[in-house]
1. Around LEU81, with a cut-off of 11 angstrom between Cβ atoms, what is the net charge of the other residues, counting Lys and Arg +1 and Asp and Glu -1?
2. HN-Hα J couplings of the range 116-132 from phi, Karplus 6.51/-1.76/1.60, θ = phi - 60°, integer Hz, Gly and Pro as x?
3. Defining a contact as two alpha carbons under 8 Å apart and six or more residues distant in sequence, what relative contact order in percent does the range 32-101 show?
4. Where in the range 111-138 does the amide nitrogen come within less than 11 Å of the point 7 Å from the Cα of THR152, taken along Cα to Cβ?
5. Loop-only check: which chymotrypsin sites (Phe, Trp or Tyr not before Pro) in the range 37-132 are DSSP coil with at most 15 other Cβ within 10 angstrom?
6. What relative contact order, as a whole-number percentage, does the range 114-166 give when Cα pairs under 8 Å and 6 or more residues apart are counted?
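Nothing in this text is a laboratory measurement; each read-out follows from the coordinates by a stated rule. Only a predicted model underlies this, so the values are computations on that prediction, with no experimental measurement involved. Cβ placement follows ideal geometry from the backbone for every residue including glycine, while neighbour counts extend to all protein chains displayed.
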Amino acid sequence: MNQPLIAAVLALLALAAAPAFADGPRMPAQVPPAYRQECGACHTAYPPALLPARSWQRLMGGLDRHYGSDATLDPQTLAALGGWLQQHAGTGRRAAEEPPQDRITRSAWFERKHRKVEPGVWTLPSVKSAAQCAACHRGADQGRFDDHDLVTPAGLSERQRRAWHD
């Protein structure tokens with residue numbers, strides 16, 4: 001086999017082995033059970049790469065006032081989850097900007113991807129809030145937010161349903 005062909009095959013193999021980031025960073029392969037249990041109890045346990053390290057640091061440092069709730073953790077769990085979030089925090093272009101109030105749902109990326117969603121959709125009983133990704137993204141728990149894997153949330157009006165499929 002010639003060198004250029006070998007290089008091309010190796011490049012394709014490397015691409016095939018790399019994680020797919022079609023519509024956002026995926027959840028790391030090893031997720032601490034406490035992350036899903038503690039953070040996923042009230043909202044989607046987001047892939048850590050959706051926020052930069054500084055945002056995670058501020059969030060973990062203010063769990064006693066976590067967006068109006070007391071999400072305090074014991075010191076051991078706080079240290080373990082804080083370290084894991086720092087290790088897997090976003091470093092790419094999407095996470096370069098710290099969103100207002102460190103809210104993923106207020107990030108430029110999130111707002112751009114959801115710009116056609118009417119405000120009333122977020123308050124439907126089947127959705128509850130923008131933080132409930134699994135209401136529309138069936139792979140949200142695994143960090144999959146691909147557009148082709150969307151489900152229509154229950155309760156959309158006919159107009160909202162038409163806009164949803166637009």
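1. Summing Lys/Arg as +1 and Asp/Glu as -1 gives -1.
2. So the Karplus estimates, Gly and Pro as x, are 8, 7, 5, x, x, 5, 5, 9, 4, x, 7, 10, 6, 6, 5, 7, 9 Hz.
3. Reported relative contact order: 44 percent.
4. Taking a point 7 Å out along Cα→Cβ of THR152, no residue of the range 111-138 has its backbone N under 11 Å.
5. TYR67
6. Numbers: 46 pairs, mean separation 17.7, N = 53.
After rounding, I find 33 percent.
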